[in-house]
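First up is the structure itself, then whatever we jot down about it.
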Amino acid sequence: MGIFIEAGDLADGFGGDCQLLFLFVSFGYLLKIGCGLISDGAELLLLVPSCAGIVGSVILPVLGAVPDGAIVLFSGLGSDAQKQLTVGVGALAGSTVMLLTLPWALSVIAGRVNIQNGKPIYTRPANHVGVWQKLNPPNHFSLLGTGVSTRPDVKKNARLMLLTTISYVVIQGPAFYYLGHDHSAHTVSKHEKNWALAGFILSFTFFVLYLALEFFHNTHSEQTEQLTAEVSARAIQDGQLSLAATMVSVLAAHQQQPDELLDQSVKKAVQRRLRLVLRPFFVKYDLDGNGTLSLQELRAVFKDLGESPTADLERIFRRFDTDNSGSIDFHEFVDGVADYLISNQQIVRAHHARQSELEMVDVPVAEAGRTNESNEEEEEEEDAEVPEDISKMPIEQQQRAIKLRAGWMLAVGTALVLLFSDPMVSVFAEIGVRTKIPAFYISFVLAPVASNLSEVLASYSFALKKTEKTLSVSLVQLEGAAIMNNTFCLGIFLALISFRGLEWKFSAETIAILSIEVIMFIFANKRVHTVLDAFMVLALYPAALGLVYGLEAGGLD
């Protein structure tokens with residue numbers, strides 16, 4: 001007897017239905033909490049220099065696939081594995097199709113800008129006079145007149161996604177063969193066993209190769225850089241880290257440089273990160289909305305960033321104000337803070353070793369020039385009051401606190417997912433029995449709500465910034481999640497088929513998954529996506545369900 005109430009043992013009738021609904025809501029909520037803890041804990045590790053590279057390229061993708069993988073795994077471990085496996089394939093198919101359609105479409109709609117002459121306009125035209133907005137008029141909604149453009153990474157990841165679908169073909173080929181022959185389930189499963197094993201090995205190989213490719217080629221990719229900046233900004237806003245602590249990994253390369261030398265490559269790396277991290281703080285304290293900061297506004301920003309310079313802030317303000325205009329624009333702010341951090345890093349680290357409160361010492365900084373490396377504009381982020389948590393600790397203590405916090409979040413999140421995935425599978429199966437709706441459709445629709453909601457919200461949040469870079473990061477993350485389903489989750493599925501002697505009876509579901517991935521591969525190869533394209537992608541979600549229903553009604557499986 002397990003520690004949870006068996007969904008199949010609930011009484012018939014209204015009372016039992018209410019109990020089943022309660023179990024579904026409870027288990028679903030706990031799974032959602034677990035998925036959120038895993039996601040947030042892994043993201044926190046991006047702020048630890050020794051972990052940042054492997055987190056963005058390896059840990060985040062793997063942990064993101066754990067919830068779906070756990071549902072697939074537990075669906076094939078019970079005494080009635082062949083029947084309950086439909087819940088696992090429903091979760092796998094639902095997750096893959098949902099991630100490639102719903103958040104993709106929402107990202108295009110949220111990130112849309114005006115399209116002129118077939119090209120989305122992200123920057124102010126040179127001849128434009130007066131107020132300019134990327135979406136003009138505000139909330140402008142046109143099927144062909146608004147949309148987004150993507151970067152080459154979206155196309156590259158789409159090719160990888162399509163390549164990893166080969167594992168489906170390896171098992172589906174023999175399954176098609178046995179559809180036309182009258183064999184017992186035992187005979188079919190016996191002959192499919194080796195094919196499932198081959199598919200598992202191929203899936204595992206793709207999984208390892210994909211992670212290796214991500215690690216060796218994308219450790220410093222725009223996707224990782226953008227995500228690290230987002231996590232850094234949230235950590236500062238929540239009082240978890242000071243600005244100096246979030247920049248440890250970038251400043252480390254400059255640590256051994258003599259004070260009189262200014263490593264331009266390091267300065268550019270610091271500026272690149274700061275543009276992403278500082279934007280929400282700059283917008284928050286630009287109270288009059290004129291695109292500049294006054295002395296009082298700069299003082300408020302420094303406090304919010306967890307920095308407390310002991311030197312006269314007026315002198316710092318004058319150094320930042322390189323054009324002597326009496327105010328600091330965003331480029332001056334970024335360049336000034338970059339020089340400030342680089343010049344003070346060695347003193348700060350020594351100072352932190354002796355004191356529990358950060359007191360930045362003002363050191364003469366090199367004159368900052370404007371940078372024109374990027375003319376993209378990020379949008380305002382949500383404001384947050386900063387509680388005094390651990391941001392006033394020494395940098396070394398901040399790093400240890402972040403590791404501990406990330407560790408317990410990952411441990412508790414993983415435990416919740418593993419603990420409640422098994423009973424949730426039984427709940428899905430019982431809902432199917434009581435509603436007379438096949439369990440596949442139940443898990444197809446409901447499982448992704450608990451396991452993939454964080455990916456949906458993250459992609460939508462990135463897209464809202466209305467830049468080509470952040471929109472591309474959003475779509476690349478969704479493609480990466482589909483690749484993990486094609487490798488990690490499908491690998492678990494095929495291992496169950498092979499080692500437990502189960503039968504692959506999911507031809508209709510496989511056709512639906514492959515069809516959606518092929519169509520999305522075609523969409524991903526487009527440079528410009530209009531709002532009309534977004535609605536077409538959105539329509540693929542119900543179309544996938546309809547395709548499965550039609551194929552099964554026609555006798556497939």
Looking at (1) open to solvent by 40 Å² or more (accessible area, probe 1.4 Å); (2) touching a Pro at 6+ places or on another chain (Cβ under 8 Å), find the lone condition where residue 450 falls short. (1)
Which fully enclosed helices (runs of 4 or more DSSP H) of segment 145-255 have 3 or more residues being at pLDDT 90 or above? 152-163, 166-179, 185-218
Hey, can you tell me all the residues within segment 152-161 that are more than 17 Å from the chain's Cα centre (by Cα), in contact (Cβ under 8 Å) with a residue 12 or more places away in the chain and under 18 Å from residue 211 (Cβ atoms)? 159, 160
Subset of segment 71-108 [open to solvent by 30 Å² or more (accessible area, probe 1.4 Å) and in a helix (DSSP H, G or I)]: 73, 74, 82, 83, 84, 86, 102, 106
Is it the case that some residue within segment 536-557 is open to solvent by 50 Å² or more (accessible area, probe 1.4 Å), in contact with a Phe, Trp or Tyr (Cβ under 7 Å, 6 or more places away or on another chain), at pLDDT below 95 and over 23 Å from residue 476 (Cβ atoms)? yes
Taking the stated definitions as given, is residue 431 assigned to a helix (DSSP H, G or I) and farther than 26 Å from residue 7 by Cα? no
Right, residue 170: without any contact (Cβ under 8 Å) to a residue 40 or more places away in the chain and in contact with a helix residue (DSSP H, G or I) (Cβ under 6 Å, 6 or more places away or on another chain) or not? yes
Could you list all residues from segment 131-156 that are open to solvent by 80 Å² or more (accessible area, probe 1.4 Å) and hydrophobic (A, V, I, L, M, F, W, C)? 131, 141, 143, 144
Long-range neighbours under 7 Å by Cβ, at least six apart or interchain, first residue within 14 Å of residue 340 (Cα to Cα) and modelled with pLDDT of 75 or more within segment 292-311, second among the β-branched types (Val, Ile, Thr) and not in a helix (DSSP H, G or I): 298/328
Need the failing condition index for residue 498 against (1) in contact (Cβ under 8 Å) with a residue 24 or more places away in the chain; (2) farther than 18 Å from residue 98 by Cα; (3) open to solvent by 10 Å² or more (accessible area, probe 1.4 Å), just the number. (3)
In the set 470, 510, 487, which member is touching a residue at least 12 places away in the same chain (Cβ under 8 Å), among the β-branched types (Val, Ile, Thr) and farther than 16 Å from residue 166 by Cβ? 470
Would you point out which residue out of 492, 516 is open to solvent by less than 20 Å² (accessible area, probe 1.4 Å), touching a residue at least 40 places away in the same chain (Cβ under 8 Å) and in a helix (DSSP H, G or I)? 516
Count, please, the residues in segment 398-440 that happen to be under 17 Å from residue 76 (Cα atoms) and of a type outside the set (Gly, Ala, Ser). 13
Cβ-Cβ under 6 Å, sequence separation 6+ or interchain: first residue in segment 138-151 and in contact (Cβ under 8 Å) with a residue 60 or more places away in the chain, partner among the small types (Gly, Ala, Ser) and crowded, with 16+ Cβ neighbours inside 10 Å. Which pairs? 148/111; 150/472; 151/472
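The values are calculated or read from the model by the stated rules, or taken from the named source; none is laboratory data. Predicted, not measured: the structure shown is a model, and the values here were computed from it. Counting neighbours? That spans all protein chains shown, and the Cβs are built from the backbone with ideal geometry, glycine included. Quick note on the areas: whole protein, heavy atoms, side chains included, nothing else; ligands and nucleic acids left out. Shrake-Rupley method; radii C 1.70, N 1.55, O 1.52, S 1.80 Å.
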